[in-house]
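Written below as C-alpha cells is the structure these notes are about.
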C-alpha cells in the first residue's frame, strides 16, 4: 500500500508540473487479469469527454483503491487518452487450517467465509489479520489463554496465494479457586452449589465443569442473582467479578463480590388495566400473596399464567407486567400486575414444516385450534401435545408470529422432526427368548405417511412362525373413531421358550373399533374368532395331558373385548412426563369350546426430578377366570412372567408355576391365572451423546410374579404318572401359590432402549435379588428386530 501511494504521489507531482487540463478522448486500462473492465469503469468517476485536472485524476485513483481489488494503481496520459495501469491483488487459491481440535474446521471455515476470506476471493492482508485476532478471541472465550494463531501466505503462479492458518490451541485453563465475598445469609457451600463452574478436583476429568468459560460464568452469575431475588433480596447486587490467570496461563482464579441487601416481604397485591376475565378468577391465578417473601420467580410465573389465560380468550398479544414498588423503610413491596390485553387475535393460517413423509392431513386432523377462529393458547398447545403423542415425531415446536401488516392476525407454525415409526426392512434379528428371527415384514404405525397402522409379514424363528396382516385406521370417521381388522396364523413350540413341552397352532381374525370420549380417553371394542390346536410331546406334563384328555386338543372360541384407555403422556415414544393407564375385559361368548374371561390393567407414570432426571413407575395386573359348567381355565391362555416388559434379570417366561416333564426331571413353566408386575426407574441421559430423543437409559428396580389360584388342584394332578417315588416326595407342580406379596421376585439393573430405523434395540444388565425354587436368572438380555 505504501509503495502504491508513493507511486501515485510521484506520478501526481510529475503530472502537475508538466501537464495541463485536457479533454479525455478515451480511457485505456492496463494490467487486468480477473477483474472485468466494466468493474473498473463503474468505479472510475471519469468518463470519456470529461475535462479533467490533476486533482480529479488523484481522486479517481482513490476511488479505484477503495474497491479493494488492486494493490497498485498508476494514472498516466497518452495524448488525450487517460491510461490507468493497475496491479491486482492476488486471489485466494486455497485455505488450509492446521492444529485445530476444539473448534471444527467447518466452523472455522464458515467464520472466515462470513468475513470475506474464502477460496476464489480477493486476498487482503488487513482482513487476514483481523480474522487472526478474532480466532484468538474465540479460543480465549473457551478458556484457552495460551492459544495462538499464525498465518502463512504462500505466493503461487498467476497472481494467486495459498493461506495456511496454524492453530495452537493450548490447554483449557482449569479453575483452581472460586470465592464469593459478601455473602452472610447463605453459606459459601450453598452459593457455590449454584455455579455450573466448579473448582478442579479428583474426578474433574469426567466432565468440563472445572474449565473456565466466560459464557458459563455469566450463567452462574445470573443463577446467583436469581437465587437472591427469589428469596426476597430485591437490592442484591454483584459489585464486581475478577478473573485472574496464573503466569503459566493454566489456572484461573475467580472472585465475585456481592452485596446482599435486606430481605423484603410482599405488603399488597393489586390488579390494574383491562382484565378481560372476571377479577375474582384473575386474583385466583395470582401466585403472589400478602406477607409472602418477595420472589421474582413468583412474579414472572404469575405473568405467564395470566398471559396464557388471556390467550385462551384470543388475546395472544396480551402483556402482563408485575411492577414492584418497594418501601425501603418497612422492607416491604407493593405489587401491581398491570394487564394490557391488546387486540383479540385470529388465526389466519396453520402451517406445517418438516413432515417430509407424513401427509399434512394427518397433522391437521390433530388440530384443536381452527383457522379463521379466535386464537386460543390452550388449543394451540393441546394441538402440539397431540402431535407429540402420535409417536411419529422426535420433536414438535410451535410458533405464533403476527401476520405482517395486520394487528389482529397470527399464523400458527408447527415444525416437526420425523423419526422411525416402525420397521419396513427388519428381516434379520435375534432375541434371546425366540432365537434367530428371519423373515420379511412391514410394520408401520404411520404407513406411507397416512397415519394408518399396517402390519404384514412372514416371520420365522427357532420357536415360532407367524403370518399376519393387520390394519388400523385411527380416523375411520372425521370424529376420530378408529377401525381395524386383522388375520393371523401362528405356530409356537413352547418347549423351546422355557414353557411346558407342547406346541400350539393358532389362527384368528378380529375387527376393532375405538371411540374417543375426551381429549385423552377412549373406549375400545373388538370381536373375533380364534382356533387353537394343541400338540403334545413325550415330555408334556401330566397336568396338560389331563386337561386335553378332558377337553380335547382343538378349540374354537369367539372372543369379545371392551377396553378403556387414558394417556396424558407428553409424547408417543419414550415419554418423559405424564401418565397413561388402560383397562380391558375379554370374554369368550357362550357356545365357545372353552369359556373364560380376562381382566387386565396397566399404568405408568413419569415424574421429572431435575432437568436431566425423571422417575418412572409402571405396573401391570391381570386375572383370568372361568365360567360355565367346567369353570376350567385353558392353560394356553395363561400369563407368563420374566424378561423384557416383565421382571428383567429372570429368563423369559420362567416365573411362576412350573410342572415336571412327563419323562424327565426338568421343570417347565405352565403359567398362571394371576400376574402382578411393577417397575421403578430413574431415567437419565447417556453421557457423551448429544441427541437423547431416541435413547432411554435407566436404573431400575423390577418386581413381580405369576400366581395360580387353583394350585392345590394342580398339585394333586398326575395320578397316572409312572413315578418311582410317591407324589409327596416328588411333586409334579412347584413354585405354585396363590397371590402372595411375599413371593414377589425382585431385580435391579441398568437398561437401555434405542429407537433405530430397524425397530427398537433394547438391552438390560440386571441382577436377580431373590431367585428361589426353579427360577432361572439371566444377567444380560437384549432384543433386536423382534417379530411384529
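Every read-out reported here was derived from the displayed coordinates using simple, explicitly stated rules and does not represent laboratory data. Predicted, not measured: the structure shown is a model, and the values here were computed from it. Note: ideal-geometry Cβ built from the backbone for every residue, glycine included; neighbour counts use all protein chains shown.
Observations
- Remark: 286, 23 ranked as 23, 286, counting other beta-carbon atoms within 10 Å and listing the fewest first.
- Fewest-first sequence of 623, 650 by Cβ atoms within 10 Å of each Cβ: 623, 650
- Calculated over the range 85-221: convex hull of Cα atoms, volume per residue (Å³): 129
- Computed over the range 265-340: relative contact order in percent, which uses C-alpha pairs under 8 Å that are six or more apart: 42
- Alpha carbon centroid spacing (whole Å) that separates the range 312-390 from the range 39-71: 58
- When 683, 229 are sorted by how many other C-beta atoms sit within 10 angstrom of their C-beta, beginning with the fewest, the order is 229, 683.
- Where only C-alpha atoms are counted, convex hull volume of the range 498-642 per residue in Å³: 138
- Cα-based Rg of the range 165-272 normalised by 2.2 N^0.38 Å, two decimals: 1.33
- Restricting the calculation to Cα atoms, the chain yields a radius of gyration followed by a Dmax of 38.6, 136 Å.
- Shape call, the range 265-340: gyration tensor on alpha carbons, a/c limit 1.5: prolate
- Mean separation of Cα contacts under 8 Å, 6 or more apart, over the residue count of the range 57-128: relative contact order %: 26
- D_trans [Stokes-Einstein, Kirkwood Rh over alpha-carbon pairs] for the range 346-418, 20 °C, 1.002 mPa s, µm² s⁻¹: 174
- Cα gyration tensor, the range 596-677 - rounded (a/c under 1.5), prolate or oblate: oblate
- Against the chain, whose longest principal axis is taken from its Cα atoms, helix 214-229 shows a tilt of about 70°.
- Rounded tilt (10° steps) of 542-551 against the dominant C-alpha axis of the chain: 70
- Calculated log₁₀ intensity ratio I(q)/I(0) where the Debye formula runs over C-alpha points of the range 91-168, q = 0.12, 0.15 Å⁻¹: -0.31, -0.48
- Rounded to the nearest 10 degrees, the angle from helix 105-114 to the longest Cα principal axis of the chain is 40 degrees.
- The chain: calculated mean residue ellipticity at 222 nm from DSSP helix runs of at least 4, using -39500 (n - 2.57): -5500 deg cm²/dmol
- Summary value for the chain: 6 percent relative contact order, contacts being C-alpha pairs under 8 angstrom separated by 6+ residues.
- Solvent-free Debye calculation, one equal scatterer per alpha-carbon of the range 49-141: log10 I(q)/I(0) at 0.23 Å⁻¹ equals -1.16.
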